[in-house]
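S.K.: Next up is a structure, given as structure tokens.
The values are calculated or read from the model by the stated rules, or taken from the named source; none is laboratory data. Keep in mind that this is a model prediction, so the values were computed, not measured. Here the Cβ positions follow ideal geometry from the backbone for every residue, glycine too, while neighbour counts run over all protein chains shown. In case anyone asks, the SASA skips ligands and DNA or RNA and just uses the protein heavy atoms, side chains included. Shrake-Rupley method; radii C 1.70, N 1.55, O 1.52, S 1.80 Å.
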Amino acid sequence: MANERVTTANFRKYKAEGKKITMLTAYDYPTARLVDDAGIDAILVGDSLGNVVLGYGSTIPVTMDDMVHHVKAVVRGVQRAMVVADMPFLSYHISKKEALRNAGRLMQEAGAQAVKLEGGIEVAESVKKITEAGIPVMGHLGLTPQSVHQMGGYRVQGKDEAAAKKLLEDARALEEAGAFAVVLECVPAPLAKLVTESIGIPTIGIGAGPDCSGQVLVTHDMLGFYGQFAPKFVKRYANLHESIMQGLQGYRSEVENGSFPGPEHGFGIDEEVLKKLY
Ligand code: KIV
């Protein structure tokens, strides 16, 4: 049925059937409604919230409270898509117990259907703990923006033999720990294909070529919300920046020249009533 909620079972089925999984980000109610109405399978409330909506230079300042606030807004706008909430920087590193508590907040307090966290073998124990509590976990390998300072910038990952082997091992460790899917960000396309063929769970690519089980993009990037730089792997499906600018500047000039509001935008009053006021 068209409006049934997308679940982890759909993810497994889609991979088995070769049906591509679609995922986009949203951080607020109106965007979530649009993405859901477009029939996208999963909505990621990414910690890209920090860059895209909160105006930070990275994802690192994003807090659990920020995530809970924005996930709640998204959940209110969604009927069908699976809502996946990113676990922000340091919310799952201190201890397994804290990782579970924070994942629990995103589910219980905010209403997400799954959480996503970055890393492989080093977070596998936390993934196990969270999934054992019944919380679906999506992994995230390759370019992991929360480690941008350790990685020395936003660059393609897994290019040499050791890094490629590590990525494969990380993907296997996540599957073994109970993850239901894994995002592969900025990974060479042939390596993403190999990972996809080597694990049973779906891969969701971003800058990882066409052979992943599905694709994700940041909605503001693919709709051209910002008229500036977008990463190489982003295809622009709209130019919102231009449309919004046209609207904003049209409003400004019509207010300045007096053509807005017109008579059709106002309300009248009985002439007799008006006369008595003078
Ligand atoms: O935070 C985010 O938007 C993400 C995607 C880029 C996968 O993690």
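S.K.: Suppose R0 equals 22 Å; then what is the FRET efficiency for ALA133 and ASP160 from their Cβ-Cβ distance, rounded to the nearest 0.05?
M.R.: For ALA133 and ASP160, the calculated efficiency is 0.05.
S.K.: Same structure, new question: If the cut-off is 21 Å between C-alpha atoms, which lysines fall inside it for LYS20, apart from same-chain ones fewer than 8 positions away?
M.R.: Once the sequence-local lysines are set aside, what remains near LYS20 is LYS116, LYS193, LYS235.
S.K.: Suppose all protein chains stay in the model; what accessible area per residue would a 1.4 Å probe give for the chain, in Å²?
M.R.: 53
S.K.: With the dipole of segment 8-242 worked out from charges on the C-beta (+1 for Lys and Arg, -1 for Asp and Glu) around the Cα centre, which of GLY214, GLY152, TYR56 lies farthest toward the positive end?
M.R.: Comparing the listed Cα positions along the dipole, GLY214 ranks first.
S.K.: Now, a different point. Can you give the FRET efficiency to the nearest 0.05 for PHE233 and VAL255, using r as the Cβ-Cβ distance and R₀ = 51 Å?
M.R.: My answer for the efficiency is 0.80.
S.K.: I'd like the FRET efficiency for MET151 and ASP270, computed as 1/(1 + (r/R0)^6) with the beta carbon distance as r and R0 of 51 Å, rounded to 0.05.
M.R.: 0.15
S.K.: Please compute the modelled spin-label separation between ASN3 and SER95, points set 7 Å along Cα→Cβ, answer in nm with one decimal.
M.R.: Distance between label points: 4.5 nm.
S.K.: Dipole magnitude of the chain about its Cα centre, charges +1 at Lys/Arg Cβ and -1 at Asp/Glu Cβ only, in debye to the nearest 20?
M.R.: 640
S.K.: Calculate what fraction, in whole %, of the accessible area of the chain sits on carbon and sulfur atoms when a 1.4 Å probe is rolled over the protein chains.
M.R.: Answer for the chain is 55 percent, counting heavy atoms of protein chains only.
S.K.: In addition: With +1 on each Lys and Arg Cβ and -1 on each Asp and Glu Cβ, and nothing else charged, work out how big the dipole of segment 184-278 is about its Cα centre, in Debye to the nearest 20.
M.R.: Computed about the Cα centre, the dipole is about 380 debye.
S.K.: I would also like to ask the following. If you average the C-alpha positions of segment 20-39 and of segment 184-215 separately, how far apart do those two centres end up, in angstrom?
M.R.: Taking the Cα centre of segment 184-215 as reference, the centre of segment 20-39 is 21 Å away.
S.K.: Could you run the Karplus curve 6.51 cos²θ - 1.76 cosθ + 1.60 with θ = phi - 60° over segment 86-93 and give me ³J(HN,Hα) per residue in whole Hz, x for Gly and Pro?
M.R.: For segment 86-93, the Karplus curve yields 6, 8, x, 3, 6, 7, 9, 9 Hz.
S.K.: If you average the C-alpha positions of segment 97-148 and of segment 228-267 separately, how far apart do those two centres end up, in angstrom?
M.R.: 39
S.K.: Once phi is turned into ³J(HN,Hα) by the Karplus curve 6.51 cos²θ - 1.76 cosθ + 1.60 with θ = phi - 60°, what whole-Hz value does each residue of segment 259-266 show in order, with x for glycine and proline?
M.R.: Running phi through 6.51 cos²θ - 1.76 cosθ + 1.60 with θ = phi - 60° gives 7, 10, x, x, x, 5, 9, x Hz.
S.K.: Now for a separate question. With N residues in the chain, what two-decimal value do you get for its Cα radius of gyration over 2.2 N^0.38 Å?
M.R.: 1.20
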